[in-house]
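Structure record follows, encoded as structure tokens.
Every read-out reported here was derived from the displayed coordinates using simple, explicitly stated rules and does not represent laboratory data. Everything numeric here is computed off the predicted structure, so don't read it as measured data. Neighbour counts are summed over all protein chains in view; Cβ atoms, including those assigned to glycine, are modelled from backbone coordinates with ideal geometry.
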Amino acid sequence: MTKNLKRALKEQLLPIWNQPAKVNVGKHGLTEAIFTAIDHQLASHTLIKVKFLQNFESENLQVDIQTITKKTQSQLVEKRGKTIILYRPAKQE
């Protein structure tokens, strides 16, 4: 992600952090349903918040985040604890 894009998105981040997460990842982990939900939310919104709940068990959260970004063709904007903000530009029609 370029610095200019990150700077442009920074204004939009505060309202996102103050909203509830669009997708919660729980004890069942990263299932196809989670990837579908994230993909669906990114189709509607360019920025979404994804929260990994306390009962989510992972050996390496960073690897899980990379898996999400690859499968959903999104980019990680910011990470705070077990909550992330993902970005995917709107598709041109």
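Residues in the range 44-55 carry Karplus couplings, in order, of 8, 10, 6, 10, 9, 9, 10, 10, 8, 6, 4, 7 Hz; the curve used is 6.51 cos²θ - 1.76 cosθ + 1.60 with θ = phi - 60°, and Gly or Pro positions show x. Taking the Cα centre of the chain as reference, the dipole from Cβ charges on Lys and Arg (+1) and Asp and Glu (-1) amounts to some 340 debye. Helical runs assigned H by DSSP (4 residues or longer) give the chain a calculated mean residue ellipticity at 222 nm of -14000 deg cm²/dmol, each run adding -39500 (n - 2.57) before division by the residue total.
Look at the dipole of the range 4-87 built from charges on Cβ: of Ala21, Val77, Ala43, the Cα furthest out on the positive end belongs to Val77. With contacts taken as Cα pairs under 8 Å at a separation of at least 6 residues, the chain carries a relative contact order of 29 percent. Please figure out what share of the DSSP beta bridges in the chain is antiparallel and state it in percent, rounded to the nearest 5. Of those bridges, close to 75 percent are antiparallel. Decide, for the chain, between rounded, prolate and oblate: order the square roots of the alpha carbon gyration tensor eigenvalues as a ≥ b ≥ c, take rounded if a/c falls under 1.5, and otherwise choose prolate if a/b is larger than b/c, else oblate. It comes out prolate by the Cα gyration axes.
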